Structure formats: structure tokens, C-alpha cells
Amino acid sequence: MALSEENLWKKSATEVVSMLKRKEISPDEALDTNIKRIKETHSSINAVVTLCEKRARHQIKNLDTSRKDQPGYLYGLPIVIKDLTEVKDVKTTYGSKVFEDYIPSASDFLVERIEKMGGVIIGKTNTPEFGAGSQTFNEVFGYTKNPWNIKYTCGGSSGGTAAALAAGAAWLGTGSDLGGSLRNPASFCGVVGFRTTPGTIARGPQNLPFNDLSVDGPMARTVKDIALFLDTITEVDYRDPLSSVPLGKPYQNFINEEKHKYNIGISDDFGVLACAPEVREAVNNAEKILLDMGHNVERVSPNLSKSESTFQVLRAHLLATDKRELYEKHKNILKEDLRLNIEKGFKLTEEQISKANMARGQIIKSTNLFFDKYDFLVAPSSMVPPFSINEHWPKTVENETFDNYVSWLMTAAAISLTACPSLAVPCSTTKNNLPIGIQIVGKRRHEGMVLNLGHKFQKHSNNYNITPLEPN
């Protein structure tokens with residue numbers, strides 16, 4: 001082995017894939033390093049909660065070596081998968097006691113694609129029960145902690161993947177995003193998460209195959225690694241009715257392109273939301289960086305004034321529709337927040353649902369008009385910085401008091417309604433040295449442009465290599 005294990009886990013995914021491709025290291029050596037690092041950090045952060053080493057060794061023996069030089073081919077790189085996504089013959093709990101011993105007989109389409117493209121599944125990462133909430137804890141595996149400071153939350157619901165990446169216990173991993181579940185934990189852990197345009201990444205099988213509010217997506221330490229992983233996982237799949245031809249693939253080609261001066265709208269609260277003072281200051285910092293990069297920046301955003309009422313209704317309706325049978329069989333053991341949200345969905349009238357869908361149409365129209373004038377919208381990934389591991393969700397932000405676990409997520413959830421791609425990248429840190437991220441939102445189907453600005457921003461802000469780090 002040309003590089004010591006001590007240094008290999010610190011390398012980027014792009015660097016390790018290049019080493020695997022050149023046969024400077026073997027897939028087994030990469031796997032050994034990954035397993036060792038997972039075990040070194042597990043007691044501190046509890047991020048990778050299920051290992052499947054035997055299955056991974058079998059995958060390595062059967063790697064397809066005929067697909068060399070295909071963009072996104074991973075040559076045996078270990079990958080972690082969020083525990084909401086099924087992997088054949090590997091325990092998938094959804095963070096729920098209901099599925100504590102569930103072993104799927106088939107993999108999700110996303111997992112099939114990763115394995116087809118030379119990725120080796122090494123384990124499952126922690127998530128709140130059924131991904132509900134942005135504080136990663138459940139009754140099966142307990143809490144996942146933030147590697148920057150284990151007294152704080154890693155966010156969620158893709159918190160296990162974000163924490164593993166930040167601590168060097170993963171090079172690449174998957175997450176999902178309904179109301180910010182890729183972007184919020186990326187922000188809290190100082191890594192990168194990408195909510196792509198619905199249909200960019202095939203997913204399923206699903207109970208609701210036309211659901212476009214929730215998407216699966218890539219997580220990594222750098223935007224450059226995100227581009228690599230996006231090339232891995234994007235391909236039209238006829239089994240997913242939303243799956244579509246990727247625009248501009250390979251995405252890695254966009255990273256270093258020199259672009260003209262962009263017109264960028266920036267906002268810390270969309271004119272309607274609360275925002276913690278340290279997050280507002282991070283947005284001020286992002287504005288300075290973008291100006292220093294030579295872009296035109298203006299304090300402006302689409303009209304998102306009805307985003308919370310719209311999202312609350314559509315989210316509750318989605319949960320009630322998708323989880324009805326689960327609720328009827330197991331409502332007494334579901335966590336209270338999830339149970340109440342499902343029950344809220346049951347009580348919705350046809351008129352409320354119709355009005356919410358119409359309101360979403362107006363939000364999309366406003367966003368389209370915005371992008372006629374501006375290339376990007378920049379905003380916080382979360383209205384708060386990382387909070388105490390003992391707090392399930394923030395009850396108060398500035399002068400706003402919340403009575404539910406969704407309202408504080410609206411900085412990200414409002415963007416979910418637009419169906420636009422949104423990339424969470426690190427921006428600055430709090431006075432307690434905890435990460436704060438921004439989201440870069442672009443036109444639908446223009447993932448390559450978003451990656452280009454995200455990569456340049458990450459380099460220019462001098463935080464390209466802030467992870468991996470030792471949990472403390």
C-alpha cells in the first residue's frame with residue numbers, strides 16, 4: 001500500500017478513486033481503512049450504525065472492471081447509505097422499532113446504480129424515525145453527535161451520513177431531503193449536501209412514485225466530490241416515472257469552467273422568516289465573498305411568503321398518505337412528533353390540500369420570474385446554527401416561537417417547494433467554532449451551474465479542507 005491508513009481516510013473521494021483507478025491501492029485496502037475509521041469514531045459520534053463488511057468483500061470480488069473511464073465510476077470506493085434506503089440483505093430500520101429487524105430482499109434503485117458503478121456499500125447511517133425531524137436520534141440506535149463538538153446535534157434527517165463524512169468515517173454517502181434533510185446536516189457538520197431537481201436521481205420502488213417533494217441526493221466533504229458522486233448516481237431509470245435525462249452530464253466537467261460574472265440574489269430570511277443572528281452574519285460573510293469573487297449581488301428573493309402554510313399542508317398530506325397503514329398498525333410506538341403530523345394530515349380537507357397545491361404553483365411562478373433576472377439565489381441552509389444534542393428542535397428563533405418541529409426548517413423547506421436544485425456548502429463558523437452553511441439555489445435542471453459556483457465559493461472562502469476532523 002503506497003499510503004498509510006492514517007492518511008488515506010483524510011483524502012478526498014476524488015483522490016481515493018484516482019488511486020483505486022491507478023491501482024496504487026486496492027479496494028480491500030480502502031475498505032480496511034474505512035472500517036477502521038468507522039470503529040475509531042463510532043463511540044464518539046454513532047454515525048454508521050450497521051456495518052456489512054462480509055457483503056462488501058463479496059462486492060469487491062465481483063467488481064465490474066469492464067466499465068473503466070466511465071464518468072462517475074468508483075473502482076471499489078466504500079459508500080455509506082442512509083438508513084431510510086433499502087440495501088439487499090442489510091438491516092434497514094428506518095430508525096424505527098417497527099423495522100428493527102427488517103432485512104430487505106432487494107435494493108433501492110439508487111443502491112443498484114451505485115453498485116453498478118463500482119461503489120461498495122459498507123454500512124447504513126443513522127436517521128430519525130422515518131426521517132421525520134432534523135435532530136438525528138431514534139429508539140433503535142440512539143443519538144448521532146456532531147464531530148465538531150459532540151455536545152451538539154449533527155442535524156438531520158441525513159445526520160448520520162453528514163457526521164460520518166465530517167469525521168472521516170466515509171468518503172461519500174447518500175441522504176434524502178424533504179424539508180432540508182440533506183442541506184441542514186451538511187450545514188451543521190461542515191460538509192456538502194445536494195438536493196437536486198426532482199427526477200435527476202432515480203429512486204424507488206415507492207408507494208408514491210410521483211412524489212416530487214422528497215428526493216434522494218449525494219453528500220460529500222467537497223463540491224468536487226459531489227460532482228463525482230452525481231455522475232455515479234444519475235441515469236434514466238424507466239422504473240421511476242419522474243426519472244429524466246441529466247442535463248449537462250458529466251457534472252465533473254463543470255467544476256473548473258470559468259464563468260462570466262453572475263447575477264446573484266441573496267437573502268437571510270426571504271423577508272418572512274426568523275433567522276438567528278450568527279446565521280445572519282454568515283450570510284453577510286457570504287455576500288462579501290461573492291462580491292470579492294466578482295459577482296453582482298443584490299438583497300432580493302422570490303415571493304416565498306406563503307411557503308410555510310403551503311409546506312405544512314403538503315408535508316402532512318404526504319405523510320398521512322404514505323404512512324396510513326403504518327400508523328393504523330403501530331401508532332402507539334411511533335414518536336409523538338411523527339404521529340401528530342400524520343394525524344394532522346388525516347384532518348386536512350380537500351379544500352386545504354387544493355389551496356396548498358395552488359399556492360405552490362404561485363411559488364414556482366414567482367421563482368421562475370426571479371430566475372429570469374438572476375442566475376442564483378443564495379440563502380442560509382438553516383435559520384439556526386447547531387444546537388444542543390439535548391434539544392429535539394429549536395422552540396424559539398429571534399422573536400418567533402414555534403409549536404411544531406417543522407417551522408424552524410422553513411429556510412430550506414421553502415426551497416423544496418420550488419423544485420430547484422439547492423447545494424449546501426460551508427460558509428463560516430459560530431463563536432463556538434461550529435459550522436454554518438449556505439445553500440446555493442439555481443434554475444431547475446441546471447445542476448452543473450450550481451456545482452460550478454459552489455466549488456468556486458468553497459475554494460474562495462478558504463474552507464475547502466475543513467474536514468475530516470477528530471470528534472471532540
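Coordinate-derived values only; no laboratory data. Everything quoted here is computed from the prediction, not taken from an experiment. Note that each Cβ is placed from the backbone with ideal geometry, even for glycine, and that neighbours are counted across all protein chains shown.
Assorted remarks:
- For Gly217, the amide hydrogen comes within under 5 Å of the amide hydrogens of Gly175, Ser176, counting only partners 5 or more places away or on other chains and with H modelled in the peptide plane.
- Between His330 and Glu112, the C-beta separation translates, for a Förster distance of 41 Å, into a calculated FRET efficiency of about 0.90.
- Full extension of the chain between Phe346 and Asn7 gives 116.8 nm of extra length, using 0.36 nm per residue less the Cα-Cα distance.
- The radius of gyration of the Cα set in the range 116-214, together with its Dmax, comes out at 13.4, 39 angstrom.
- Shown in residue order for the range 77-87 are the 3J(HN,Hα) couplings computed by the Karplus curve 6.51 cos²θ - 1.76 cosθ + 1.60 at θ = phi - 60°: 5, x, 10, 9, 10, 4, 6, 9, 10, 6, 10 Hz (x for Gly and Pro).
- Listed residue (Pro198, Ile363, Ala412) projecting farthest to the positive dipole end of the range 12-460, Cβ model: Pro198
- Placing +1 on the Cβ of every Lys and Arg and -1 on the Cβ of every Asp and Glu, with nothing else charged, gives the chain a dipole about its Cα centre of roughly 420 debye.
- Hull volume per residue, based on the alpha-carbon atoms of the range 12-460 and their convex hull, is 130 Å³.
- Magnitude of the charge dipole, the range 407-472, Cβ model with Lys/Arg +1 and Asp/Glu -1, debye to 20: 260 debye
- In order along the range 279-295, phi translates into HN-Hα couplings of 6, 4, 5, 5, 5, 4, 5, 4, 4, 5, 5, 5, 5, 5, 6, x, 8 Hz, rounded to whole numbers, per the Karplus curve 6.51 cos²θ - 1.76 cosθ + 1.60 with θ = phi - 60° and x for Gly and Pro.
- Note on Glu257 and Phe210: with the Förster distance fixed at 41 Å, the Cβ-Cβ geometry gives a FRET efficiency of about 0.75.
- For Val297, the residues whose modelled amide H falls within less than 5 Å of its own, excluding neighbours fewer than 5 places apart on the same chain, are Ile264.
- Look at the dipole of the range 12-460 built from charges on Cβ: of Leu334, Ala316, Asn296, the Cα furthest out on the positive end belongs to Asn296.
- Length-normalised contact order of the chain in % [C-alpha pairs under 8 Å, at least 6 apart]: 18 percent
- Of Lys11/Lys39; Lys249/Lys373; Lys124/Lys335, those spanning more than 23 Å from alpha-carbon to alpha-carbon: Lys249/Lys373
- Antiparallel DSSP beta bridges within the chain, as percent of all bridges there, nearest 5: 70 percent
- Estimated vicinal HN-Hα couplings, Hz - the range 131-142 in sequence order (Karplus 6.51, -1.76, 1.60; Gly, Pro = x): x, 8, x, 10, 9, 7, 7, 7, 7, 8, 10, x
- Relative protection proxy for 419-425, 31-37, 271-277, from highest mean packing down: 419-425, 31-37, 271-277 (other beta-carbon atoms within 10 angstrom).
- Cα gyration tensor, the range 220-316 - rounded (a/c under 1.5), prolate or oblate: oblate
- Where GluC sites (Glu not before Pro) in DSSP loops with at most 15 other Cβ within 10 Å are excluded, longest remaining stretch of the chain: 259-390
- Separation in nanometres of the label points that stand 7 Å from Cα toward Cβ, at Asn284 and Lys373: 2.5 nm
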